[in-house]
Each structure stands twice: as C-alpha cells, then as structure tokens.
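Report on one structure; see the data block that follows.
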Amino acid sequence: MNIAVATTEFVTESNFYGGLANYTFKLATWFVKNNHTVTVFVSSNNDSGISQYEGITLVRVKLEDAQGFYKYKFERWKLPFLMRKRKYYRIYFENLSQTMNLSILLKHSINKFDIIHYPNNGGMVYNCPKSIPSVVRLSGLTVRSHQFGGYGNSDLCIAEQEKFEMKGLKKANAVFCPSKMTIEYTKKIVSRDYHLIETPFNDSNLELDNSQYLSQLKNVKYLLFFGSIGLIKGVGTIAEMIFELLEQNPDLHFVFVGKKLNNQIGNVSVWKHLIAKAKKHSQRIIHFEPLKHAQLFPIIQHAECVVLPSRIDNFPNTCIEAMANKKIVIGTVGNGFDQLIEDGKNGYLINVDDHQQLLDKINLALRLPGQERKNMEEAAKSRTDLLHPDIVLNQVLDLYKATIANFKN
C-alpha cells in the first residue's frame, strides 16, 4: 500500500516533542517495517525538497504567509479597521489545507497513493482530493482545550480553527479516535461514524541516554511532570498544593520537563506563579526543556511517581509513556486517563482542579509499601502492553483497507 500522511509536526522538525509528531513517526515506521510505502508531508517554514528518514519519504511543505499578505493590503491603504479578523484567521487554515493537498496531488500524479491519512488539527482534510480515499485521526478537541487553558491562541482564532476542523470531519471518508470521551463529545457536533483505535506504543528498540539524569538528578528523590507546562495540563493545580507537598516531604524535589506555555495567572506566567507558590521551597523545583525520549525515559524511570493533573486531554501519550516505564501515574477523571488507569490498581485518578485530592494521592503513592508499589507498577506496564503497534496499527491497516474498499470517487 502507498500511504500519504499529512501532519503539522514530525520528529525531524523543531517541534519534535508533540504528541502528533511522535504518533506520526510510530505510524509511519510501522507501515514501512511491514512493507508499505509511506510519504510524510509536514508543514514547514522552509522548502528543502524531498528527503529520506528511516525508510520514510519526507516532504517539507513550505507555507507562504497568506495572512501577512491579506493584512498588508489593508495597512497599505491605512484601512486596518476594514479588515475582517475572522477571515484573517481562517486564511491560515485554508492555506494550510490547500497547500498540503496540492503537494500531495503533485506527488500522486507521479506515484499514485492508495489513501491519505490526516490529523484533525487545522482541518487539513478540508481540501482533500476527491480522487483519493481519506482517513482522519481525531486527536483532540480544540475549543475545549482552549476553554481549559489552551496554548496561547486568541478566542477568535480558536473558533475559526474548530469550525474548519469540524467541516473537515464531514469530508473525510473515515474518522478514528483513541478516546471514547472525545468521540462522544464530537458526535454531538458532527454526526457520523467514528472508530475507536487506541494509540500505539513500543519502546523496545529505544537506546536510552542517561546523561541528563546522571548529571542533574542522580541521588535526588523527585516527582515528575512532563509535557506542556501550562494551565491546560494542570500546572495551576500543582501550584495550589506544591508548598504543602514540599513542606510535608523535606527530601522531595519536583521535576518539570517541557515547554512553558504562554499562559498567565493574574499578571504572571504559570511558571512564575508556580515558583512563587512554592515560596522557600522553590529551589527544589527543577526544570528541563523538552527532551528526546532517549533522555526523557531514564528521568521517568527514576521518578517516585508521575503527576499529570490535566484539565482536558484525549488519550495522553504522557500517561502511556510513564505507565510503560512502570510508573504510577496520578491523572484526572474524564480525560482519557480513566481509559488507561483503574484507580488504586495501576495508578490513581483525581477530579479536575482538585489540588487537595492531588496532594492526598501523591502522599499515598509516596508511602506505598514496597510490594504494593511494585504490583501497581507492573499493572501499569501490563495495560500498555495492549497498545503494541502490532495490535493497534493492524486495526488502522484494517480501517485503511475497508475505507479503500468502500470508496466511491
């Protein structure tokens, strides 16, 4: 099968650390390993042509600044008040979809694709070629993510993005999603069939790099948060209990790995708010910029437990990666975590924004007897064994085949 995969993130790019980047890489490498041909089209600031990466054909698609040109037309005549802001934001998503799909069609004219795989992000599927079957992986809820802290975009931009994404879902030949919660929510907006296929995970071939752990965390007792550092991932909830936690556990540190989002609480950033809340214990908070998995996994493996109190999530890669490394995860109810975690059996669940419950569960995890801790960690690992690519991505392959078989040009 010849597969085109469109994406806004990939592991070769500067935004290598996102869930979409890592998912796309896992998907592509598994299909290549199983004798399929995969071409990944990734949006980029530069056009470096076609290259190869671990058996995958990589096409960087440069996006022209259509928004800037639109804005310039009004500024040139000193009429910015006439510029329609909705159109200004919509232009980006229209341009993304058009440019990516033109690039796919150009490659298709040389070597025909059997199917195109899209993320829901940005509504890239909206201008999908009518002559090629299309499948979308629904990986998140844009408006709900924005409501719970978001990633720094404006309300109007998010509204236009959501609108474009939902229109795209109507055009796709098939849609699948790893999260039951996300499917149920999206069904209320776009009524169609959705397939539940969880996210694959397998780290058996990963060669670990202990350098970051050994240089900064050896002999340190610590909790770990990793992912986007902002309101959406529950860092505000951590801030509300961090002083009490560190006061009660004088030998404990709290490690954060990830990009600091442009969120604010009051007049300060979420990170500065966290540091201020820790007061005299702030020196026991340690931050790393985003790390490749080879460096991240040793840090996960030596943590006391992993704290991920997300306010909204889909089927969190962070939770999967922590559980696969035999770590107890403290996650939130109703956000994909409860599809992975059975409270008290292979991890712990708390209610969203409940900092007292978070504090109690952390202290409970820290004080678990040795054998009970070991049993819970083994149970966590066992759940992720069900996500082996040979299980999950064969389901994706079956969906591809069914979509192609039912396709009507």
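Taking each of K26/K170; K87/K163; K233/K260; K130/K170 in turn, the alpha-carbon distance tops 18 angstrom for K26/K170. Comparing mean-square fluctuations of K381, K345, K130 from a GNM of the chain with C-alpha springs under 10 Å, the top value falls on K130. Sorted largest first, the principal axis extents computed over the alpha-carbon atoms of the stretch 87-238 equal 59, 38, 31 Å. Among beta bridges identified by DSSP and lying wholly in the chain, the antiparallel ones come to about 10 percent.
Over the C-alpha atoms of the stretch 211-385, the Rg to Rh ratio, Rh being the Kirkwood estimate, stands at 0.93. Residues L27, L291, ranked from the fewest to the most other C-beta atoms within 10 Å, line up as L291, L27.
Applying 1/(1 + (r/R0)^6) with R0 = 51 Å to the Cβ-Cβ distance of K170 and Q248 gives a FRET efficiency near 0.45. Considering only N314, N111, N101, the mean-square fluctuation computed in a Gaussian network model of the chain, springs between alpha carbons under 10 angstrom, is largest for N111.
Restricted to Cα atoms, the stretch 229-318 shows a radius of gyration and a Dmax of 13.1, 37 angstrom.
Within the chain, the longest segment free of exposed loop sites, counting GluC sites (Glu not before Pro) that fall outside DSSP classes H, G, I, E and B and have at most 14 other Cβ atoms within 10 Å, spans 65-206. For every other residue with a beta carbon closer than 13 angstrom to the beta carbon of D313, add +1 if it is Lys or Arg and -1 if Asp or Glu, then tell me the sum. My count for the surroundings of D313 gives +3.
Per-residue 3J(HN,Hα) values for the stretch 217-225, derived from phi via the Karplus relation 6.51 cos²θ - 1.76 cosθ + 1.60 with θ = phi - 60°, read 10, 4, 6, 9, 8, 8, 8, 10, 10 Hz in sequence order (x marks Gly and Pro). Computed 3J(HN,Hα) for the stretch 24-35, one whole-Hz value per residue from the Karplus formula 6.51 cos²θ - 1.76 cosθ + 1.60 where θ = phi - 60°, is 4, 5, 4, 4, 5, 5, 5, 5, 5, 4, 9, 6, glycine and proline marked x.
For the stretch 211-385, the share of DSSP beta bridges that are antiparallel, to the nearest 5, is 10%. Cβ under 14 Å from N210's Cβ, N210 left aside: what net charge do those residues give with Lys, Arg +1 and Asp, Glu -1? So the surrounding residues net to 0. Taking a sphere under 13 Å around the Cβ of H281 and counting the other residues whose Cβ falls inside, with K and R at +1 and D and E at -1, yields a net charge of +1. Give me the Kirkwood hydrodynamic radius of the chain, using the inverse of the mean 1/r over all pairs of distinct Cα atoms, in Å to one decimal. Its Kirkwood hydrodynamic radius stands at 22.5 Å.
Relative contact order of the chain: 14 percent, from C-alpha pairs under 8 Å at least 6 residues apart in sequence.
Dividing the helix sum by the residues of the chain, where each DSSP H run of 4 or more adds -39500 (n - 2.57), gives a mean residue ellipticity at 222 nm of -13500 deg cm²/dmol. Distant-in-sequence amide contacts of K326, defined by a placed amide H-H separation under 5 Å and a gap of 5 or more residues or a different chain, comprise K381. Remark: the chain carries a charge dipole of roughly 1400 debye about the Cα centre, counting +1 on each Lys and Arg Cβ and -1 on each Asp and Glu Cβ.
Among the lysines, which have Cα under 17 Å from the Cα of K326 when same-chain residues fewer than 8 positions away are ignored? Leaving aside lysines fewer than 8 places away in the same chain, those within reach of K326 are K221, K345, K374, K381. In terms of surrounding Cβ atoms within a 10 Å radius of their Cβ, S310, S269 rank from fewest to most as S269, S310. Once you've got the GNM for the chain with C-alpha springs shorter than 10 Å, pick whichever of Q52, Q264, Q295 has the biggest mean-square fluctuation. Comparing Q52, Q264, Q295 in a Gaussian network model of the chain, the most mobile one is Q52. Under 5 Å from the amide H of T332 lie the amide H atoms of S310, F337, I350, each residue being 5 or more positions distant or on a separate chain, with H modelled from the backbone and absent for Pro and chain starts. Note on A405 and K272: their simple-model spin labels are 5.9 nm apart, each label 7 Å out from Cα toward Cβ. Remark: D390, D114 ranked as D390, D114, counting other beta-carbon atoms within 10 Å and listing the fewest first.
Read-outs throughout are calculated quantities, based only on the coordinates presented, and are distinct from any laboratory measurement. This structure is a prediction, so every number in the text was calculated from the model and none was measured. Counting neighbours? That spans all protein chains shown, and the Cβs are built from the backbone with ideal geometry, glycine included.
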